[in-house]
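What follows is one structure encoded as structure tokens, with my remarks underneath.
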Amino acid sequence: FGVNAGIRSNYLSRGNLDYEASFGFSTLSDHFDVIENDFLVKAKGGKEVENMYIQVDASFNYFQKSQANNETLSFVSDLNRNIIRISPTVFLGKDKAKFELGGRVVIAKDDASSVHFYPNIKVNLPISEHVIAAFAKVEGDLKKNSYRTVTLENPFLHSSVVPFNSSEAIMLTGGLNGNFNSAVSFAAWVKYGTIKDMALFVNDTVNFNKFVLIYDDVNKLTLHAELSYKADDKCKVSLQYDQYSYTPDLQLKAWHQPQNEVALKAAYNLRDKIVVNASVFGRGKSFARTQVNPAFGFTAEKLKGYVDANLGIEYHYSKILSVYLNMNNLGFSKYNRWYNYPSEGFNVLGGISYSF
């Protein structure tokens, strides 16, 4: 269950103080009596001063996970945790070049309190106007790992798992984006950085049908390319490809992290009545940590890559009423996203959407 509410200014003229404030609450529970409550308060203010725009973002996030009914008494799994962020940024523009100069101060409390300082610098330089531009980023942030975030990624985690935050210390990004013409656009970039205490999913050596978390410092390199086609509001097609390289500090592999991903998506809108969405998603091989026997320790077992195709159709009967039908895994692919957990075969989901 979750609820969000907020307020923001909507000035059309320049020179006013822009502001925004919001509040959010969510709660998650499972079948083992775990309850996690999450409170988030955010505020943002900005104002144009001479030839630059100054903005300050701030947030306070409090969350706590209760103990599971099948775990022994622990003073770790039911920690009161919080994250405070303060992010000042200055936006500059000169000769059509755009600059963002700022940083982040993050104060976090897990099992201990810590203070982190991250850069937030972005540059966008046009090479040929409306055709191609180069961009670069130097940034970092503290990645929040809560029971909700990790189970959204892997729902087979043990309920007594203790998720700790990961620090993306300094992430360097550089690339190009632009347009071939009015309908076709592209982007390509490379990103490299170190993730401290990256959360990795491994099978529990005691309860084999569950997963637990281990942490390691991992160097990650990402190569990204995408191509998009949009003739009008009726037809959209996009193709994305990502290649990953992981170098863990202690572990043999970055467990369950794929080496590459590719996604082809298409959408067609027929007279604002029928919307068709099709997608083909592919994921390359990954590795799972397995234990031959306790005497010989752990080894890496390869999980094969797979391709998954999906099709969705939505019919808008009126502006407030529509029906939809989603068909997933059209190729009847058999694969294990998580070790020893076969994914669903072909499945269909249908429903009614009503707005009021």
Self-check item: Solution diffusion estimate, µm²/s, Stokes-Einstein, the chain, Kirkwood Rh from C-alpha pairs, 25 °C, viscosity 0.890 mPa s
Solution: 103 µm²/s
Exercise. Mind checking which lysines have their Cα closer than 21 Å to the Cα of Lys236? Skip sequence neighbours fewer than 8 apart in that chain.
Key: Lys265, Lys273
Quiz item: Per residue of the chain, what 222 nm ellipticity follows from adding -39500 (n - 2.57) for every DSSP H run with n ≥ 4, rounded to the nearest 500?
Solution: -500 deg cm²/dmol
Quiz prompt | Net dipole in debye of the chain [+1 Lys, Arg Cβ; -1 Asp, Glu Cβ; about Cα centre; nearest 20] | solution = 700 debye
Practice problem: Write down the accessible area per residue of the chain in Å², having rolled a 1.4 Å probe over the full set of protein chains. | Solution: 60 Å²
Quiz item: Using alpha carbon centroids, what distance separates the range 80-105 and the range 325-356, in Å?
Solution: 39 Å
Practice problem: Averaging sequence separations of C-alpha pairs under 8 Å and six or more residues apart, then dividing by the length of the range 217-328, give the relative contact order as a whole percent. | Solution: 19 percent
Practice problem: Could you tell me whether the range 208-356 comes out rounded, prolate or oblate from its Cα gyration tensor? Rule is a ≥ b ≥ c as square roots of the eigenvalues, rounded for a/c under 1.5, then prolate if a/b exceeds b/c, otherwise oblate. | Solution: prolate
Quiz item: Can you list the lysines whose alpha carbon is less than 17 Å from that of Lys220, not counting same-chain residues fewer than 8 positions off?
Solution: Lys137, Lys143, Lys191, Lys196, Lys253, Lys285
Self-check item: Pairwise Cα inverse-distance average, inverted: Kirkwood Rh of the range 233-273 (Å)
Solution: 13.4 Å
Exercise. For an R0 of 51 angstrom, estimate the FRET efficiency from the Cβ-Cβ distance between Thr72 and Arg271 and round to the nearest 0.05.
Key: 0.25
Quiz item: Hey, in the GNM for the chain with a 10 angstrom Cα cutoff, which one of Glu314, Glu226, Glu50 fluctuates hardest?
Solution: Glu50
Quiz item: Can you count the Lys pairs in the range 15-119 with C-alpha separation below 25 Å, eight or more apart or on different chains?
Solution: 9
Quiz item: Using modelled amide H (1.01 Å from N, peptide plane; none on Pro or chain starts), what sits under 5 Å from the amide H of Met171, excluding residues fewer than 5 places away?
Solution: Glu139, Gly140
Quiz item: Ranked highest first by average number of other Cβ atoms within 10 Å, how do 76-84, 142-150, 346-354 line up?
Solution: 142-150, 76-84, 346-354
Practice problem: Determine the distance separating the Cα centre of the range 129-199 from the Cα centre of the range 37-59; give it in Å without decimals. | Solution: 22 Å
Quiz item: Where the accessible area of the chain is counted over protein heavy atoms with a 1.4 Å probe, how much of it, in %, is carbon and sulfur?
Solution: 59 percent
Self-check item: Cross-link reach list, aspartates and glutamates versus Lys319, counting only Cα pairs under 13 Å and skipping chain neighbours closer than eight places
Solution: Asp272
Quiz item: Comparing Pro155, Pro119, Pro258, which has the greatest mean-square fluctuation in the GNM of the chain with Cα pairs linked when under 10 Å apart?
Solution: Pro155
Exercise. First check a/c for the range 164-217, with a ≥ b ≥ c the square roots of the eigenvalues of its C-alpha gyration tensor; if it is under 1.5, answer rounded, and if not, answer prolate when a/b is larger than b/c or oblate otherwise.
Key: oblate
Quiz item: Which loop chymotrypsin sites (Phe, Trp or Tyr not before Pro) in the range 37-90, with loop taken from DSSP, have no more than 13 other Cβ atoms within 10 angstrom of their Cβ?
Solution: Phe75
Quiz item: Using a 1.4 angstrom probe and counting only protein chains, how large is the accessible area of Ile214 in Å², to 10?
Solution: 30 Å²
Quiz item: Which one of Ala133, Leu270, Ala21 has its Cα pushed farthest toward the positive end of the charge dipole of the chain, where Lys and Arg give +1 and Asp and Glu give -1 at the Cβ?
Solution: Leu270
Quiz item: Over the heavy atoms of Asp111, what accessible area does a 1.4 Å probe trace out, to the nearest 10 Å²?
Solution: 120 Å²
Practice problem: Show the residues, 5+ positions off or on another chain, whose built amide H is closer than 5 Å to the amide H of Lys210. | Solution: Asp204
Practice problem: DSSP loop (so not H, G, I, E, B), at most 16 other Cβ within 10 Å: list which chymotrypsin sites (Phe, Trp or Tyr not before Pro) in the range 207-263 pass both filters. | Solution: Phe208
Quiz item: Under the Karplus relation 6.51 cos²θ - 1.76 cosθ + 1.60, θ = phi - 60°, what is the ordered set of whole-Hz ³J(HN,Hα) values for the range 156-170, x standing for Gly and Pro?
Solution: 9, 6, 5, 5, 8, 4, 10, x, 10, 6, 10, 10, 8, 4, 9
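The values are calculated or read from the model by the stated rules, or taken from the named source; none is laboratory data. These numbers were taken from a predicted model, which means no experiment stands behind them. Cβ coordinates were reconstructed from backbone atoms using ideal geometry, including for glycine residues, and neighbour counts include every protein chain displayed. Side chains are part of the model used for accessible areas, which takes the heavy atoms of the whole protein and leaves out ligands, DNA and RNA. Shrake-Rupley method; radii C 1.70, N 1.55, O 1.52, S 1.80 Å.
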